[in-house]
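The values are calculated or read from the model by the stated rules, or taken from the named source; none is laboratory data. Source: prediction; values computed, not measured. Note that we place each Cβ from the backbone using ideal geometry, even for glycine, and neighbour counts take in every protein chain shown. What goes into the accessible areas is simple: the full protein's heavy atoms, side chains included, and nothing from ligands, DNA or RNA. Shrake-Rupley method; radii C 1.70, N 1.55, O 1.52, S 1.80 Å.
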Amino acid sequence: APDTWEETLPNGHKLVMTLQADGTLTTVCYLKDGSVEYRSVTTYGADGKAHEEIKFTNGTSLVEDRIEEKDGYFISGTRLEYDKNNKLTGKTIFKTEGNVTVDTGVDLKDERVVLNETTTTLHDDDSYTSDFVGYRNGQVWITRNGHFDKDDQLIKETYTQTFRDNVTTYKKEGTRVPGENGTVIDTYQATDTQNFPAGPNGPII
């Protein structure tokens, strides 16, 4: 018989998941106001292979083919993104080796973001470090990394963006703690720094 359970996320969203008698998993994600954000259907094949189709209420969709371990942890796979007209707008390939997961994606809807790569490292204390690098025309144009604790709360983050001949750097250290009604409160130390040097094309606006 079908088995249904619920899970509330740190951001206040609620997942209602139903495991059907044939092994198919259906999921509905509700926002804090009770409206539906997306619905998904996941089917499972041999050797941990899973196929998931996610339909968002705004008309966009995701199609993901992945290999999972027994506990549901993703090992590898591909993710395709479509707009409301069913046009392919992005593709991501992800692969996990040990405690490191690397996601490499191509953004087809914004010419400024040609390629991006995210590396997530899980530490022994269940905290994790996430590093993001964006490439434009083969050159690095944005980098970002953050260290999160086991509850997805930000401990430290740095951010660097290169646009033409200008460079923007931004650093913040502190913690993110849950607030009322699912909100998140940022408490940062006085170590924030910003640098907006002007290049040949003038300062960043």
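For the residues 91, 14, a 1.4 Å probe over the protein chains yields an accessible-area ranking, largest first, of 91, 14.
Largest to smallest in accessible area, the residues 68, 7, 81 fall in the order 7, 81, 68 (1.4 Å probe, all protein chains included). Given their separation in residues at 0.36 nm each and the Cα-Cα distance between them, residue 136 and residue 67 gain 21.8 nm when the chain is fully extended.
Give a quick list of trypsin sites (Lys or Arg not before Pro) in the range 107-161 that DSSP marks as loop, anything other than H, G, I, E or B, with at most 16 other Cβ atoms within 10 Å.
Of the trypsin sites (Lys or Arg not before Pro), the ones in loops of the range 107-161 whose Cβ has at most 16 other Cβ atoms within 10 Å are 109, 112, 150.
The label point for residue 106 and the one for residue 127, both projected 7 Å from the Cα toward the Cβ, are 3.7 nm apart. The accessible area of residue 141, taken with all protein chains in place and a 1.4 Å probe, comes to roughly 50 Å². To the nearest 10, the accessible area of residue 132 is 60 Å² with a 1.4 Å probe. Please calculate the 1.4 Å probe accessible area of residue 119, with all protein chains present, and give it to the nearest 10 Å². Its accessible surface works out to 40 Å², give or take rounding. Each Lys and Arg Cβ is given +1 and each Asp and Glu Cβ -1; about its Cα centre, the range 7-123 then shows a dipole of about 280 debye.
Using Cα pairs under 8 angstrom and six or more residues apart, how large is the relative contact order of the range 26-107, in percent?
RCO, the range 26-107: 17 percent.
Label positions at residue 145 and residue 14, each projected 7 Å from the Cα along the C-beta direction, are separated by 4.0 nm.
The string of couplings for the range 116-133 from the Karplus curve (6.51, -1.76, 1.60, θ = phi - 60°) is 9, 9, 10, 10, 10, 10, 8, 9, 4, 8, 6, 7, 8, 10, 10, 10, 10, 10 Hz, one whole number per residue in order, with x for Gly and Pro.
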